[in-house]
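Please treat every number below as a calculation from the coordinates, not as lab data. Just so it is clear, the structure is predicted and the values come from calculations on it, not from any experiment. Note that we place each Cβ from the backbone using ideal geometry, even for glycine, and neighbour counts take in every protein chain shown.
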Amino acid sequence: MSKTQINVRVDADLKAQAELLYKQLGLKMSDVITMLLRQSLYHQGVPFEVKLPSKKRRAALQEADNYTDLPTYNTIQEVYAELGIKG
């Protein structure tokens, strides 16, 4: 099978974050792009849902973005204690 090159312009930070994630998964960017293309052919379309979020979801996302003073936890037991769950 012959190979060809694809040139894509993306945000540098987005690329760096994705490469870090893929490295942790043992993948290269080219592996992931190949998987996307193969799955697109298999599904005869984009292999995941592509749509705009609903008005309710957009409002929830905006609200979440506005949180600045969120609690942090060091262990799952601390989370359970905060939620009143016996773990």
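Odds and ends about this structure:
- Estimated FRET transfer efficiency (Ala60, Gln5; beta-carbon r; R0 30 Å; 0.05): 0.15
- Straight-distance candidates among the lysines for linking to Lys3, with alpha-carbon spacing under 16 Å and chain neighbours fewer than 8 residues away dropped: Lys28.
- Relative to the current alpha-carbon distance between Thr68 and Glu82, full extension at 0.36 nm per residue lengthens the span by 3.2 nm.
- The chain: calculated mean residue ellipticity at 222 nm from DSSP helix runs of at least 4, using -39500 (n - 2.57): -17000 deg cm²/dmol
- Ratio Rg/Rh, restricted to the chain and using Cα atoms, in which Rh is the Kirkwood radius: 1.12
- Charging the Cβ of each Asp and Glu at -1 and of each Lys and Arg at +1, and nothing else, the dipole of the chain about its Cα centre rounds to 520 debye.
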